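Bear in mind these aren't lab numbers, they're just calculated from the coordinates by the rules spelled out. If you're wondering where the values come from, they're calculated on a predicted model, not measured in any experiment. With ideal geometry, Cβ positions are generated from the backbone for all residues, glycine too; neighbour counts draw on all protein chains shown.
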């Protein structure tokens, strides 16, 4: 049974909502307009990538365009279907259950979206909610918090961060290890074929150095040394481990965003996102080896558009 006040699902034997404490009424007892109900999108994921993924799935299930579902997700809580019978509304709710969304039913004409917002149903945190007292870093877990703490200005928040794609790093290490093994086997075979009495320990050392070097590069260095973030003010591009470089680009200065997918992107799902700014003849910054580069571009474009409207 779903609470008519906050949308929380409760066991059927409960008489009061476990979330807000309001009395529960069965669907047949709730007041409604001509027996019609609205299906409400009450909460959405915080992560931008996850919201784009869910928007695609919601578009397929609802028969809507991705632009329409993305707009609804960004404005949650909102109505995604109305004037439906109780059976149809419950069927749609069950259909959307696998998605990472909060879905609740309310009688048509009595949706009261304001109460959902007041109860925190919309999971799109404000800057005040993200910032702990005296801190300029979001409480959302950040893998590169130590880097962003150094560069964020007061009131600035990391809305999204990412690094080199995981599958790219895994495939790079696998390919390097496979190459090392092939070199070792070929040299050993030639050694046996010619019958030369030459020690093979230098080859063992060479292969070990390649494997360990690949593990350090793909397992640690790329993940730590390449860090990218979209804040509520600018794009941050950090490169390097010991000698570092951090590039900052204000959204207002971005003139073009370019996506480049090399041939290996078919296997890794990664690519490069280039950012052009006014007054330069070359790309200002490149976000290298990022997963789903077109999704990254969409997030960047949406962030620029949203912030240009609020300014």
Roughly speaking, what is the stretch gain from residue 281 to residue 143, that is 0.36 nm per residue apart minus the C-alpha to C-alpha distance, in nm to one decimal? 46.4 nm
With label points set 7 Å from each Cα along the Cα-to-Cβ direction at residue 178 and residue 216, the distance between them in nm comes to 2.5
The exposure ranking of 180, 82, 163, fewest beta-carbon neighbours within 10 Å first, is 82, 180, 163
Give me P(r) over segment 219-304, computed from all C-alpha to C-alpha distances, binned every 5 Å, as integer percentages. 3, 14, 24, 25, 20, 11, 3, 0
Order these peptides, 284-292, 166-174, 91-99, by their mean beta-carbon neighbour count within 10 angstrom, highest first. 284-292, 166-174, 91-99
Distances over 18 Å make up what percent of all Cα-Cα pairs in segment 135-275? 67
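Could you rank the peptides 56-66, 233-243 by their average count of other C-beta atoms within 10 Å per residue, with the highest value first?
233-243, 56-66
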Once the piece of chain linking residue 61 and residue 256 is laid out straight, how much longer is it, given 0.36 nm per residue of separation minus the C-alpha distance between them? 66.9 nm
Packing-based order for 251-264, 268-281, using average beta carbon neighbours within 10 Å, highest first: 268-281, 251-264
Directionally averaged shadow of segment 166-223, computed from the convex hull of its alpha-carbon atoms, nm²: 3.7
For 295, 50, order by how many other beta-carbon atoms lie within 10 Å, fewest first: 50, 295
